[in-house]
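These notes are about the structure you will find just below.
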Amino acid sequence: MYKIAVMGDQDSVLGFKALGLEVCPVATAEEGRTALHRMAKEDYAIIYMTEQLAAQLPGEIARYKDALTPAIILIPGKEGSLGIGMANVKSAVERAVGADIL
């Protein structure tokens, strides 16, 4: 059975535990890289990741971009949105539709 996790700094992800999601607080980019690869091997279907952590791991995220699992979805962290998540959504819609409709 597939699982869902949330990765990022501790303050940003702990609230998701109340929703029943597995949380993975990471303090450094290296911890994030290791955790991401571990989760990809352990049948995680969806990984929510804070934009702040994603900004430190662009190569790792690109590695899983076209893979079926895990789907990496960027969410704002406690510092607010960096716009990376919305840019990714816009890019995905543009690839699917063939035009920028957003």
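Some notes on this structure:
- Packing, taken as the mean count of other beta carbons within 10 Å per residue, orders the peptides 21-28, 93-100 from highest to lowest as 21-28, 93-100.
- Rounded to 10°, Cα long-axis angle of helix 29-41 versus longest principal axis of the chain: 80
- Only Lys, Arg (+1) and Asp, Glu (-1) charged, at Cβ; the chain dipole about Cα centre in debye: 200
- Normalising the average separation of contacting C-alpha pairs (under 8 angstrom, six or more residues apart) by the number of residues puts the relative contact order of the chain at 25 percent.
- Note on A71 and I46: the extension gain reaches 8.5 nm, defined as 0.36 nm multiplied by sequence separation minus the Cα-Cα distance.
- Diffusion coefficient of the stretch 5-65 by Stokes-Einstein, Kirkwood radius over Cα pairs, 20 °C, 1.002 mPa s: 186 µm²/s.
- Cβ-derived FRET efficiency at R0 35 Å, D100 paired with L19, nearest 0.05: 0.60
- Sulfur and carbon atoms: percent of accessible area, the chain [1.4 Å]: 57
- Each of A62 and T34 was given a label point 7 Å from its Cα along the Cα-to-Cβ line. The distance between the two points is 2.5 nm.
- For the chain, the longest principal axis of the alpha carbon atoms and the long axis of helix 84-97 meet at an angle near 40°.
- Only lysine pairs 8 or more places apart or on separate chains count here, and in the chain those with Cα atoms under 22 Å apart total 7.
- Summed over qualifying helices (DSSP H, 4 residues or more, each -39500 (n - 2.57)) and divided by its residue number, the chain shows a 222 nm mean residue ellipticity of -11500 deg cm²/dmol.
- Looking at the chain alone, DSSP beta bridges between its own residues are antiparallel in about 5 percent of cases.
The values are calculated or read from the model by the stated rules, or taken from the named source; none is laboratory data. Note that the coordinates shown come from a computational prediction; the quantities given were computed from them, not determined experimentally. Note: ideal-geometry Cβ built from the backbone for every residue, glycine included; neighbour counts use all protein chains shown. To get the accessible areas, we keep the full protein, side chains included, count just its heavy atoms, and leave off ligands, DNA and RNA. Shrake-Rupley method; radii C 1.70, N 1.55, O 1.52, S 1.80 Å.
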